[in-house]
């Protein structure tokens, strides 16, 4: 099979897109031949970075004024009309999931969004994805080529792009960024409208507001939660320090907040914050239903509690039955040492 | 301005218990035992539509709202609610076929309906719904009609001279565009997640208007209806186990347990944060 | 009221309990000044009640006694609290300088005694924890109020709570075997756990349902039952008229059957649960449970009774099973409710009453009609009967409305109280009881004398005898001055 990767180089998320798709390709496309990576970008300044992190030896750069799906689709449609690529691979972000089905439509292929696994069979591509609100895993057979799929976020581990100094990267470039275009408003001059211009003729005004780095407990990726079992304010303060050392945000259960050992805006659970971190460590939390609902959406829950029978133990992924203070002190030490050695990216 | 908002009624899958997830013939799952609800993205879409109308009318421009759903008679209760909330027209395209994994067919029906009535300049739909989780319908409606599509829209406001100001989420920020219809707007994670609730009086006064019922065969040819997922067929379906394992990390001292936790579970995950 | 200053109160409480357990943080005090009755105000950031002077966390009966004694001696109002899931204003701090005495840290299950079929626990034990623990051993409390995930044993007893299986197991008053409670003088009293006695009046009932207005419950012993869900015999029907439904419920009870669930929903209330199979229909649900021969026999006999009523159509029991599995407050839904109220300005409230069979339908009909006609902005007016007795049943009115054209602080006076007034007045007029299972709280006290009639003398005398200074949860059950 021959596959092409499409990435959005206009976005600051480029590196994670590249590593995500690279991880997926390494897992499921070992036998496939990578044709090229198409990267849309807005500024020449980033070109070396984009090329260096292109997951394939061959890279097609397309410069345009900004991420604009209608222009990108028109360009891809023309560029790929006579290509014999069988599979287009898009990352699982907003851009990837809007471009893949529309491109498939235009190229007469078939598409699937949020794919977490693929395998190739005779005349078809077998794709797996979650359906029924993530309660079921379905298998689909795509039979119309080209197959345009976008990935399910977090389905495979990201894989950094290997640096191969001796391999010459093959780069070709197209520039469709009209001189008259600014980054904010696209202005059109003259009667001869270009294809890309026509594709976004509906836009009268454009403004982009960069996303503030998400902060606070609601958006935290890593949280440490103190429960009733910590017994006093000083211990909560200490956990606050530990959270800082671990790189986590501190949250508390209702008894802790209602004892004023931590401000109410740290309260997790009913009447408080519904957290959805990648990692949640609970310390001396018993796991009452009213609390648990606040951490239920965590990817990984690690419970530390002296009581093996506490409800939180059964509701966690990993549990340590021991004194939370001793365990966390050790953990801080391990992580600090690892940081000194440069073991982690923390 | 004429706006068409499309919505889908889905089963509240969170009410299903583990033993209810039984795969039957043709990869069907019986979810008829649980309550229905408006697909959450579509619920946002409907509320955003009403908010737009309120604002536009304050500015003195007339807005005509239609709502469209595809399915059986059971859905009429929802359409009546929309009448009570002052939608001008409620349409149901009668369908008994299994179109769970056929966004191509659904979008064809919507696009053909729009071509026939020649009306709406703006089509608003939720971006995804939780049975098929296809997340393709709004995009394909736009493709069928040759209209632009703004995805991940979160806010729609009236602008001057029949233009719309649409805010949408991008991967690294928020895009605010003023656009000239026609267009398709696909609603993402909008701050308005609930549809307002009509009063009993409004239900009596406005909720009894007749629902327009159309036949799907008029908007999709028979061959497609019989083979609606041409090009991407479902060939397998199985439950995903969400149960947390509660694996107890062993060790004779707290230090050992912390080491075990870090090296076997945390280290790699921390790198990915 | 008290002449003791805030500072003096706090200092004394600290001397009794230590600094850690006397909370004066303003945010905590605000949260502790209200319960779910004022959640519309609270969600919008308004706190209209006097803030308590402190929230104290009590760990044993001696601490309870010391704090009550201090409050009594200095005329300081004290509000007893455990799970904090009250709905009728019982936990509002109605007067300045109140102490909120929280018992949620007294949460030990003291003894599960399967041989004598009873379990003893401290007041702060959450019902969910007790139930989970019991079920692991094959037993159940038989108590299943919607608030189960949040409510704790002290509060459940103090409000005379009831659960969904009450028609078989009874209300909490039928389950409580013995109790320990502390009175304002600091007197610690223990009522022993015996099967029955005829040694004078049953004094458990002075404590059960006192809503913190007479004493502070510290320990409870309840009956336990064998848990055999595999024998559940579940029946569901749709029907057109509430009147028929009440007739069926009456017949089931009068014939001497003991279903665990006997519920009848009207069209409006039912629509929010059953619209996927019972559009524009009332819904009747019956369940038999217990030992298999008994459950089967009861189930079949009830089926036979319902079969006589031609308008009843049987539905697939699986539809009812799914409803049943999701009956209790899902705590995540409680959290979502806040967002929903904030976004839609629509709120749902309830009032529960009871009456004999000959009156219940008229009360239901009159109240629903009056609310629909007299109140503005209503989005749902309906209800269900969920607890039946030999001589009558209850009615749980559900009413939702859009709060429009008023300040969030006026939600209660513009909507909630006028609706409650209609229901309470119509019920009392018809000879029913204005409170079936949420307790009186602070907003139905104005009708308490009418509720009791000449027997108010007995109730009032309890207050005079046990709380002569009136320091226990002022404004609850007994109207304030």
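The values are calculated or read from the model by the stated rules, or taken from the named source; none is laboratory data. Computed from a predicted structure; not experimentally measured. Positions of Cβ are backbone-derived with ideal geometry, glycine not excepted, and every protein chain shown enters the neighbour counts.
Could you check the range B:217-266 and list, in sequence order, the residues that are at the interface with another protein chain (Cβ under 7 Å from one of its Cβ atoms) and farther than 30 Å from residue B:131 by Cα? Passing the criteria: B:247, B:248, B:249, B:254, B:255, B:257, B:258, B:259, B:261, B:262, B:265.
Restricting the range B:8-27 to residues that are in contact with a helix residue (DSSP H, G or I) (Cβ under 9 Å, 6 or more places away or on another chain) and buried (at least 19 other Cβ atoms within 10 Å of the Cβ) leaves a set whose member that is farthest from the other protein chains (Cβ to nearest Cβ) is B:8. Of C:344, C:351, all but one fail to be crowded, with 21+ Cβ neighbours inside 10 Å, under 29 Å from residue A:269 (Cα atoms), outside the structural domain of residue C:243 (by TED's automatic domain parsing) and at pLDDT 95 or above; the exception is C:351. For the range B:139-157, the set of residues classified as under 22 Å from residue B:172 (Cα atoms) and within 14 Å of the chain's Cα centre (by Cα) consists of B:139, B:151, B:152, B:153, B:154, listed by residue number. Take the conditions (1) more than 13 Å from chain A (Cβ to nearest Cβ); (2) farther than 20 Å from residue C:210 by Cβ; (3) out of contact with any strand residue (DSSP E or B) (no Cβ under 6 Å at 6 or more places or on another chain); residue C:37 misses just one of them, which is (2).
For the range B:146-185, a residue qualifies if it is touching a helix residue (DSSP H, G or I) at 6+ places or on another chain (Cβ under 6 Å), more than 8 Å from every other protein chain (Cβ to nearest Cβ) and closer than 24 Å to residue B:99 by Cα, and exactly one does: B:184. Of note, residue C:230 satisfies the criterion of being within 14 Å of another protein chain (Cβ to nearest Cβ), over 30 Å from residue B:10 (Cβ atoms) and either surrounded by fewer than 18 Cβ atoms within 10 Å (Cβ to Cβ) or in contact with a helix residue (DSSP H, G or I) (Cβ under 7 Å, 6 or more places away or on another chain) (or both). All of A:270, A:230 fail the test of being crowded, with 22+ Cβ neighbours inside 10 Å, within 9 Å of chain C (Cβ to nearest Cβ) and closer than 20 Å to residue C:107 by Cβ, apart from A:270. For the range A:101-152, filtered to residues that are in contact with a helix residue (DSSP H, G or I) (Cβ under 8 Å, 6 or more places away or on another chain), farther than 24 Å from residue A:75 by Cβ and part of a loop (DSSP other than H, G, I, E, B), the residue that is nearest to the other protein chains (Cβ to nearest Cβ) is A:133.
Select from the range C:270-280 the residues that are buried (at least 18 other Cβ atoms within 10 Å of the Cβ) and farther than 19 Å from residue C:235 by Cβ and write down the one among them that is farthest from the chain's Cα centre (by Cα). Filtering first and then ranking leaves C:275.
Screening the range C:1-23 for residues that are out of contact with any helix residue (DSSP H, G or I) (no Cβ under 8 Å at 6 or more places or on another chain), outside any loop (DSSP other than H, G, I, E, B) and within 14 Å of chain A (Cβ to nearest Cβ) and picking the one that is nearest to residue C:469 (Cα to Cα) gives C:10. Being modelled with pLDDT of 95 or more, buried (at least 20 other Cβ atoms within 10 Å of the Cβ), out of contact with any strand residue (DSSP E or B) (no Cβ under 7 Å at 6 or more places or on another chain) and under 19 Å from residue C:12 (Cβ atoms) is not true of residue C:73.
Yes/no per residue for (1) away from chain A (no Cβ under 11 Å); (2) closer than 17 Å to residue B:4 by Cα; (3) surrounded by 24 or more Cβ atoms within 10 Å (Cβ to Cβ):
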residue	(1), (2), (3)
B:75	yes, no, no
B:98	yes, no, no
B:138	no, yes, yes
B:144	no, yes, no
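Considering the range A:280-297, the residues that are surrounded by fewer than 24 Cβ atoms within 10 Å (Cβ to Cβ) and either touching a strand residue (DSSP E or B) at 6+ places or on another chain (Cβ under 8 Å) or more than 8 Å from every other protein chain (Cβ to nearest Cβ) (or both) include one that is farthest from residue A:240 (Cα to Cα), namely A:297. Cβ-Cβ contacts under 7 Å between residues 6 or more apart (or on different chains), taken from a first residue in the range A:1-21 that is without any contact (Cβ under 8 Å) to a residue 12 or more places away in the chain and within 12 Å of chain B (Cβ to nearest Cβ) to a second residue that is surrounded by fewer than 23 Cβ atoms within 10 Å (Cβ to Cβ) and outside any helix (DSSP H, G or I), are listed as A:12/B:172.
Would you confirm, using the coordinates I've provided, whether residue B:214 is more than 7 Å from chain A (Cβ to nearest Cβ), without any contact (Cβ under 8 Å) to a residue 60 or more places away in the chain and in contact with a strand residue (DSSP E or B) (Cβ under 6 Å, 6 or more places away or on another chain)? When the stated conditions are applied, residue B:214 does not pass them. The listed residues are C:102, C:113, C:132, and the only one of them that is surrounded by fewer than 19 Cβ atoms within 10 Å (Cβ to Cβ) and either within 22 Å of the chain's Cα centre (by Cα) or not assigned by TED's automatic domain parsing to the domain that holds residue C:213 (or both) turns out to be C:132. Note on the range A:241-255: residues that are away from every other protein chain (no Cβ under 11 Å) and touching a residue at least 12 places away in the same chain (Cβ under 8 Å) total 8. Scan the range C:313-341 for residues that are assigned to a helix (DSSP H, G or I) and either away from chain A (no Cβ under 13 Å) or under 21 Å from residue C:86 (Cβ atoms) (or both) and the total you get is 19. For the range C:394-481, the helices (runs of 4 or more DSSP H) that sit wholly inside it and include 1 or more residues that are within 19 Å of the chain's Cα centre (by Cα) and touching a residue at least 60 places away in the same chain (Cβ under 8 Å) are C:417-429.
Which of the residues belonging to the range B:1-56 are in a loop (DSSP other than H, G, I, E, B) and within 13 Å of the chain's Cα centre (by Cα)? Quick ask: steps written out before the conclusion?
Within the range B:1-56, the first condition is being in a loop (DSSP other than H, G, I, E, B), and the residues that meet it are B:1, B:7-8, B:12, B:16-17, B:21-22, B:24, B:28, B:30-35, B:39.
Matches in the range B:1-56: B:7, B:8, B:39.
Return yes or no: is residue B:191 more than 8 Å from chain A (Cβ to nearest Cβ), modelled with pLDDT under 95 and within 30 Å of residue B:155 (Cα to Cα)? It is true that residue B:191 is more than 8 Å from chain A (Cβ to nearest Cβ), modelled with pLDDT under 95 and within 30 Å of residue B:155 (Cα to Cα).
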